[in-house]
Amino acid sequence: MFSATSVTLSSSDRRAYLRRDCSLLVDCDDLEICYTAQMTNIGLGGAFLLHNESCHVGQELILTIPFKQYRDFLIIPGKVVWIIPNGAGVEFVRKSALH
């Protein structure tokens with residue numbers, strides 16, 4: 001059986017996973033409104049999205065990332081964990097963790 005542990009990271013070590021720069025248009029759906037955002041970086045744990053929509057910490061999103069060269073897309077559930085003007089940090093969550 002696995003147990004959850006809490007880890008506190010210093011401000012210089014805030015991310016548990018390495019991030020990679022990217023530039024992808026992503027559809028964001030919070031079940032009330034759907035909008036397009038620009039994903040500027042991504043890692044195993046989450047991504048940063050640039051957008052002009054109003055959002056709040058804790059907001060659940062479904063991210064749809066298109067891969068035009070393959071004519072396919074990836075759907076990832078996420079949750080807003082921090083916000084700044086015109087953007088948000090989104091943590092990827094397991095589907096069973098969404099309410």
Members of segment 27-58 that are in a strand (DSSP E or B) and either under 13 Å from Pro85 (Cα atoms) or of a type in the set (A, V, I, L, M, F, W, C) (or both): Cys28, Cys34, Ala37, Met39, Ile42, Ala47, Phe48, Leu49, Leu50
Being more than 17 Å from Ile33 (Cα to Cα), over 9 Å from the mean Cα position of the chain (by Cα) and part of a loop (DSSP other than H, G, I, E, B) is the filter here, so list the residues in segment 83-99 that pass it. Pro85, Arg94, Leu98, His99
If you go through segment 46-56 one residue at a time, do you hit one that is free of Cβ contacts under 8 Å to residues at least 40 places away in the same chain, surrounded by 16 or more Cβ atoms within 10 Å (Cβ to Cβ), within 20 Å of Arg20 (Cβ to Cβ) and not β-branched (Val, Ile, Thr)? yes
Scanning segment 62-82 for residues that are closer than 14 Å to Met39 by Cα and touching a residue at least 24 places away in the same chain (Cβ under 8 Å) gives Ile62, Leu63, Thr64, Ile65, Pro66, Gly78, Val80
Does any residue of segment 11-21 turn out to be of a type in the set (Phe, Trp, Tyr), surrounded by 10 or more Cβ atoms within 10 Å (Cβ to Cβ) and modelled with pLDDT of 95 or more? no
Matching residues in segment 65-82 - criterion: being out of contact with any Leu (no Cβ under 6 Å at 6 or more places or on another chain), crowded, with 16+ Cβ neighbours inside 10 Å and of a type in the set (Val, Ile, Thr): Val80
Within segment 59-95, how many residues are closer than 16 Å to Asp29 by Cβ and not aliphatic (A, V, I, L, M)? 10
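The values are calculated or read from the model by the stated rules, or taken from the named source; none is laboratory data. Here the structure is a predicted model, which means the values were calculated and not measured. Cβ sites come from the backbone with ideal geometry, for glycine too, and all protein chains shown count toward neighbours.
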